[in-house]
1. Look at residue 152 and say whether it is assigned to a helix (DSSP H, G or I), crowded, with 17+ Cβ neighbours inside 10 Å and in contact (Cβ under 8 Å) with a residue 12 or more places away in the chain.
2. Can you work out which of the residues in segment 133-148 that are out of contact with any strand residue (DSSP E or B) (no Cβ under 7 Å at 6 or more places or on another chain) and within 13 Å of residue 184 (Cβ to Cβ) is modelled with the lowest pLDDT?
3. Quick check, is residue 180 without any contact (Cβ under 8 Å) to a residue 24 or more places away in the chain, within 25 Å of residue 109 (Cβ to Cβ) and assigned to a helix (DSSP H, G or I)?
4. Only residues in segment 211-235 that are assigned by TED's automatic domain parsing to the domain that holds residue 274 count as the first member; pair them with residues that are assigned to a loop (DSSP other than H, G, I, E, B) and surrounded by 15 or more Cβ atoms within 10 Å (Cβ to Cβ), Cβ under 6 angstrom, at least 6 apart or cross-chain, and list the lot.
5. Give the residues of segment 20-37 that are surrounded by 14 or more Cβ atoms within 10 Å (Cβ to Cβ) and part of a loop (DSSP other than H, G, I, E, B), sorted by residue number.
6. Quickly run through segment 211-229 and pick out the residues that are crowded, with 20+ Cβ neighbours inside 10 Å and under 14 Å from residue 247 (Cβ atoms).
7. Tell me which residues, restricted to segment 94-115, are buried (at least 16 other Cβ atoms within 10 Å of the Cβ) and part of a loop (DSSP other than H, G, I, E, B).
8. Could you list, in sequence order, all residues of segment 84-93 that are touching a helix residue (DSSP H, G or I) at 6+ places or on another chain (Cβ under 7 Å), surrounded by fewer than 24 Cβ atoms within 10 Å (Cβ to Cβ) and either within 12 Å of residue 141 (Cα to Cα) or not assigned by TED's automatic domain parsing to the domain that holds residue 34 (or both)?
């Protein structure tokens, strides 16, 4: 699925503010990768070159792309995020992300703000949502950035230069950002995070169980009982939100964790496979290759080589 979005040229009024925000993000993103800021939940990302596909777990968040472009794969669906568009993730979803356009002169720059369900729920009783806001919708989507959202984002990032003001004013600005998101075209997705008793929250509980017990055998009937749903309803709404089945979701969790074990803890393939729940190392290797494009050891060696090249460039 390619998102049909208006070109950013259709929003010329954004340019001065977007240019300032881009410059601020580039100043705070001094090195490649994700960098936290002085405000909890607010981080910046930089890439100086196109990348291979990398695995990530998107938590509920707002992600704004200020420069460059990215492809995000959710299940079998592809989202193409261009500069000047924001992403809303309303639930924890494993994705594959790839930077498509970036260079040292014009790096790919992103701003990410983690979204707190408690703060969102504070607004739900006060904001008139779309009539579709109670429907189960996909947990990840893109929209063009508008002035109503750009303005508080810019003020929040500016506050990073005023550490004395940050703890007092940032919560107010963050509240305004949530309001703008709830009243925007992604309001239904945001409402999913905090609507008590909704099917989306039941799916969120199922996801939390899967994240905590991904190495265990998965019995759909047992998982459905845990979240007070029928097995058929769990399957339907889980796929509606995540674009995959619970079994596919568990497999991605296992493969993402196995890659981390191989890369950062030096596990051998058989040990990594066993720790994430595979009984057969050969089955693990087959599924790992399909997901990451290469067998485990070759994939990890390539990632280490790329990391070494980046470190060498930074040292220069």
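The values are calculated or read from the model by the stated rules, or taken from the named source; none is laboratory data. All figures in this text were calculated on a predicted structure; none of them were measured in a lab. Cβ sites come from the backbone with ideal geometry, for glycine too, and all protein chains shown count toward neighbours.
1. yes
2. Of everything passing the filter in segment 133-148, 133 is modelled with the lowest pLDDT.
3. In short, no.
4. 215/276; 215/277
5. 29, 32, 37
6. Scanning segment 211-229 gives 223, 224.
7. Within segment 94-115, 102, 107, 115 meet the criteria.
8. Across segment 84-93, the qualifying residue is only 91.
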